[in-house]
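Participant: The following block contains the structure, expressed as structure tokens.
FYI, it's all coordinate maths here, none of it is from the lab. The structure displayed is predicted, hence computed values, not measured ones. Every residue, glycine among them, receives a Cβ derived from its backbone with ideal geometry; neighbour counts consider all protein chains shown.
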Amino acid sequence: MPLNNMSIFKSTLTDNGYRITKAREDTFKLLIGSEPQTIKELITKSKGQIDRVSIYRNIDLFEQLGIVQRSYIGWRYKLELSDHFISHHHHLNCLRCGQTIDIRDEKHIDNFIQNVCQDFDFQLRNHQFEIDGYCSNCKDI
Ligand SMILES: [Zn+2]
Ligand SMILES: [Zn+2]
């Protein structure tokens, strides 16, 4: 899977006229196999091997190219690989400890969204669905 992801990543760059650089590859690797992360967490995880300016710049580019997507928790956001790399899913976001739980296989949400779009003759391109609240550890505090 990671190998395949890497080849999709590389062709996305080259198809859009961008070079494959080590810093871009390394930034991409920080995103593989992880739950959504803040840019700060990415910087910490890189342990100084990629400078922070490059991380910001690369993430910016990845967003433009649809390689990563943001999910908002209030006014803050986390980053994760887009649906091109990991299967479509939604999130439960804990407002206290900040953990993000992936929820999958909730076809009814996507069916609902498709039905709404059909009713309004609206062409669906993308959607995000976030549930903010308190996780089981945090809800009784
Ligand atoms: Zn929590
Ligand atoms: Zn969905």
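Participant: Check the cysteines of the chain one by one and keep only those with no other cysteine Cβ under 4.7 Å from their own.
Facilitator: Cysteines lacking a close Cβ partner in the chain: Cys97, Cys117, Cys138.
Participant: Tell me, in nm to one decimal, what length is gained between Val53 and Leu92 on full extension, where the rule is 0.36 nm per residue of separation less the Cα-Cα distance? Spell out each step's value before the answer.
Facilitator: Details: separation 39, 0.36 × 39 = 14.04 nm, distance 3.00 nm.
Taking 0.36 nm per residue and subtracting the Cα distance, the gain is 11.0 nm.
Participant: Taking the Cβ-Cβ separation of Asp60 and Asn115 as r and a Förster radius of 35 Å, what is the calculated FRET efficiency to the nearest 0.05? Write down the numbers at each step before the final one.
Facilitator: Numbers: r = 35 Å, r/R0 = 1.00.
In this case the efficiency is close to 0.50.
Participant: Next up: Using alpha-carbon pairs under 8 Å, 6+ residues apart, how would you state the relative contact order of region 58-126 in percent? Walk me through the numbers on the way to the answer.
Facilitator: Numbers: 49 pairs, mean separation 11.1, N = 69.
In percent, rounded to a whole number, it is 16.
Participant: Helix-derived [θ] at 222 nm for the chain: sum -39500 (n - 2.57) over DSSP H runs of at least 4, divide by residue count, nearest 500?
Facilitator: Working: 5 runs with 57 residues, N = 141.
One gets -12500 deg cm²/dmol as the mean residue ellipticity at 222 nm.
Participant: Given the pairs Lys47/Lys139; Lys10/Lys40; Lys10/Lys45, which are separated by over 30 angstrom at their Cα positions? Show your work: numbers first, answer last.
Facilitator: On the way: Lys47/Lys139 33 Å; Lys10/Lys40 24 Å; Lys10/Lys45 22 Å.
The pairs that break the limit, which is 30 Å between Cα atoms, are Lys47/Lys139.
Participant: Shifting gears a bit: Under a plain spin-label model, where a point goes 7 Å from the Cα along Cα-to-Cβ, how far apart in nm are Thr21 and Tyr77?
Facilitator: For Thr21 paired with Tyr77, the spin-label model returns 2.2 nm.
Participant: Once you list every other residue whose beta carbon is under 15 Å from the beta carbon of Thr27, what net charge do they have if Lys and Arg are +1 and Asp and Glu are -1?
Facilitator: Net of charged neighbours comes to +3.
Participant: Separate question: Restricting attention to region 44-93, which trypsin sites (Lys or Arg not before Pro) occupy a DSSP loop and are surrounded by at most 11 other Cβ atoms within 10 Å? Working shown, then result.
Facilitator: Numbers: sites: Lys45, Lys47, Arg52, Arg57, Arg70, Arg76, Lys78; in loops: Lys47.
Those satisfying the criteria are Lys47.
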